[in-house]
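Below is one structure, written out as structure tokens; comments come after it.
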Amino acid sequence: METGDASYIKQLNRKILLEEIIKNKLLSRSDLARITGLNKATVSAQVNRFIQENLVVETEGNESTNRGRRPIMLEINGDAGYSIGVDIDATHISFLFMTLNGRTIDTLHTKIAFEDISQLTAQLIETLTPLINKYNQSYQPLGLVGISIGIHGIVNNKQEIIFTPKEEWSNINIKSKLEEAFHTSVYIDNNANLSVFAEQVFDEHIPDLFCITLYSGIGLGIINNNRIYRGYQGFAGEIGHMIVESHGLECPCGNKGCWELYASERALISILEENNIPLQDAFDKKNLKSCDIINQYIEYLEIGLNNVINIFNPEKVVLNGSLINGNSPFITDITSKLKSKMNNYREIRASKLGEKSCTLGGAALALKNFFEIDSIDFTGYNYIQHLSQSQDS
């Protein structure tokens, strides 16, 4: 019993120290002891183990002490290994490679060649294998430490794909096959869950945060008390299939009038195409037809958003869509319609991560699981301002 207790405390201290080293980017052993309240001997013993495991490296600080000696600083050993985030969307697959300290080193987009899940899995393996071999040579000694894959559909707590509306995949488990192919841990999750995780890890590390993705469908990712909220079986957040028109359009899920048939960006683009209105002209206020379409789209978006706010009372809601991101008037139009006295929230804003949110969240989740920590915080690294500079292969 004493051994178990000691082992638990040791593991707890390990988590605390790693989380602080990641969060603070660069700090000394004495800083760690002061921040965590752990004694210096405990900190030193744990740090020495981190160095042996190639998780942490020592560098000389810039500021000198009283006798002119520069302090020895600690930081995550970014060059020791990397993770991969994958986003399987309706028509394409996106990949993002990330170092142990959260820096994006490569991105790639490729078209989906197959709708059959077995063939698509083979495509994943074929695409990633040469890249993994390449980066395993550059990021040593740990190499690839994990892969997370975002699915636009229902994923249960066992990481099984239960259903995807577009491809109609159901009751599928690709995790074990991918782990066998890549010789690393593979995590399967809903894309909205990975998107909201990225928002917390890279932009705003608050304990309660919502992210609504609006691309090919609509998904809701929920961070509650610093954890991804998954519900009873892992199905939480499928708000795209919330009914907003009881006798509306038929949805592949089996219902009629689902929200994403009216308020996803794919739905908006489809209506614009039916009316021969190019997307770049959709916001031309001189075109009455496009104005009517946009106004109706915003109205449907507001209906669903109103329901989400009234049900969950979120602190902050991040809206993530290619049309909304960087379009502040869009946010103003939406929030102006939320006039109910029951609407209580602190802020609704557009995502700064955009279409990379799922792959960023996936790669970050793989790192979190590799480090075996409860929370991972890269907000102090200012990575967001460099995201737009990363080049897709």
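Readers should treat all values here as calculations from the given coordinates under stated rules, not as data from a laboratory. Please read all numbers here as calculations on a predicted model, not as lab measurements. Here Cβ is always computed from backbone atoms with ideal geometry, including for glycine, and neighbour counts include all displayed protein chains.
Where Lys and Arg each count +1 and Asp and Glu each count -1, what net charge lies around K337 among other residues with Cβ under 13 Å from its Cβ? Could the numbers behind the result be given before it?
Details: positive: K339; negative: E299, E302, D333.
Surrounding charge for K337 is -2.
Using the Kirkwood radius over C-alpha pairs as Rh, can you work out the diffusion coefficient of region 205-352 via Stokes-Einstein at 20 °C, viscosity 1.002 mPa s, in µm² per second? The diffusion coefficient I find is 134 µm²/s. Contact order, relative form, for region 205-352: 23 percent (alpha carbon pairs under 8 Å, 6 or more residues apart, mean separation divided by residue count). Here the dipole of the chain is about 1240 debye; that uses its Cα centre as origin and unit charges on the Cβ of Lys and Arg (positive) and Asp and Glu (negative). Every pair of different Cα atoms in the chain enters the Kirkwood calculation, which places the hydrodynamic radius at 22.6 Å. Rounded to the nearest 10 degrees, the angle from helix 357-371 to the longest Cα principal axis of the chain is 30 degrees. Taking the average, over residues, of other Cβ atoms within 10 Å as the packing measure, peptides 366-377, 186-197 rank 186-197, 366-377 from highest down. Normalising the average separation of contacting C-alpha pairs (under 8 angstrom, six or more residues apart) by the number of residues puts the relative contact order of the chain at 18 percent. For the chain, the 222 nm mean residue ellipticity estimated from helices alone, with every DSSP H stretch of n ≥ 4 adding -39500 (n - 2.57) and the total spread over all residues, rounds to -12000 deg cm²/dmol.
I need the Kirkwood Rh of region 2-76: take the reciprocal of the average 1/r across all distinct C-alpha pairs and report it in angstrom.
Details: mean 1/r = 0.0774 Å⁻¹.
About 12.9 Å, per the Kirkwood formula over Cα pairs.
Toward the positive end of the charge dipole of the chain, with +1 on the Cβ of Lys and Arg and -1 on the Cβ of Asp and Glu, the farthest Cα among N344, P329, P165 is that of N344.
For N320, neighbours were defined as the other residues whose beta-carbon sits under 15 Å from its Cβ, and their charges (Lys and Arg +1, Asp and Glu -1) total -4.
Counting other beta carbons within 10 Å of each residue's own, what order do S290, S83, S170 fall into, fewest first? Working shown, then result.
Values: S290 20, S83 26, S170 13.
In order of increasing Cβ crowding within 10 Å: S170, S290, S83.
Each other residue within a Cβ distance under 12 Å of L214 adds +1 if Lys or Arg and -1 if Asp or Glu, for a net charge of -2. Ordered by the number of other Cβ atoms lying within 10 Å of each residue's own Cβ, fewest first, S185, S7 fall into the sequence S7, S185.
Among the trypsin sites (Lys or Arg not before Pro) found in region 105-174, those both in a DSSP coil and sparsely packed, with 12 or fewer other Cβ atoms within 10 Å of their Cβ, are K158. Taking Cα atoms only, the orientation of helix 40-52 departs from the longest principal axis of the chain by about 70 degrees. Available extension along the chain between I303 and T110 is 66.0 nm, counting 0.36 nm per residue and deducting the alpha carbon span.
Take Y8, Y262 and order them by how many other Cβ atoms sit within 10 Å, fewest up front.
Numbers: Y8 10, Y262 22.
Lowest count first: Y8, Y262.
Give me the angle, in degrees from 0 to 90, between the Cα long axis of helix 2-24 and the longest principal axis of the Cα atoms of the chain, rounded to the nearest 10. With rounding to tens, the tilt is 70 degrees.
Once the Cα-Cα distance is subtracted from the 0.36 nm per residue extended length, the Q119 to T332 segment shows a gain of 72.3 nm.
Taking amide H as placed 1.01 Å from N in the peptide plane, S28 has its amide H under 5 Å from the amide H of L74, each at least 5 places away in sequence or on another chain.
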